[in-house]
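S.K.: Here you go, one structure.
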Amino acid sequence: MADPLIEAITKWVQAAPEPVRAMIANKTANVTTDKKAKADVNYRPADDPAESCATCTNFDGSGGCDRTSGSIKPTYVCDQHSNGGSSDSASDPDNDGDPGSNEDGADESAE
């Protein structure tokens, strides 16, 4: 049995004027479901609460994420963490695009 809500929305869209249908088609064409699996993004308990899902711009605040699939805990983190800066990775602490360097330019990966 079909979902009555989906049927009602479908009928409404089909009855809508052409400009409205085009606008809906344009908006939904850009919707992506290409979320990555937790295992693929190194989803793990966060060492630092300031660098956790709770502080990430991708976290929706209710257990969902724009970029990682599944139920997301605010006390966890993954390699897609974004605090709104230029870097999306929690492994790049100074957001310079180089996860192996720190703020003073020293290479942390050599230690």
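Taken together, the values in this text are just the output of simple stated rules run on the coordinates, not laboratory data. Since this is a predicted model, take the numbers as computed values, not measurements. When we count neighbours, we look across all protein chains shown, and the Cβ atoms used for this are built from the backbone with ideal geometry, even at glycine.
S.K.: Give the residue that is surrounded by the most Cβ atoms within 10 Å (Cβ to Cβ), with candidates limited to residues of segment 61-76 that are more than 12 Å from the chain's Cα centre (by Cα) and within 13 Å of ARG44 (Cβ to Cβ).
M.R.: TYR76
S.K.: So which pairs qualify, if the first residue must be in segment 49-72 and of a type in the set (Lys, Arg), the second must be part of a loop (DSSP other than H, G, I, E, B) and surrounded by 15 or more Cβ atoms within 10 Å (Cβ to Cβ), the Cβ gap must be under 8 Å, and the two must be at least 6 apart or on different chains?
M.R.: Pairs that qualify, where the first residue is of a type in the set (Lys, Arg) and the partner is part of a loop (DSSP other than H, G, I, E, B) and surrounded by 15 or more Cβ atoms within 10 Å (Cβ to Cβ), are ARG67/LYS35; ARG67/ASN58; ARG67/GLN80.
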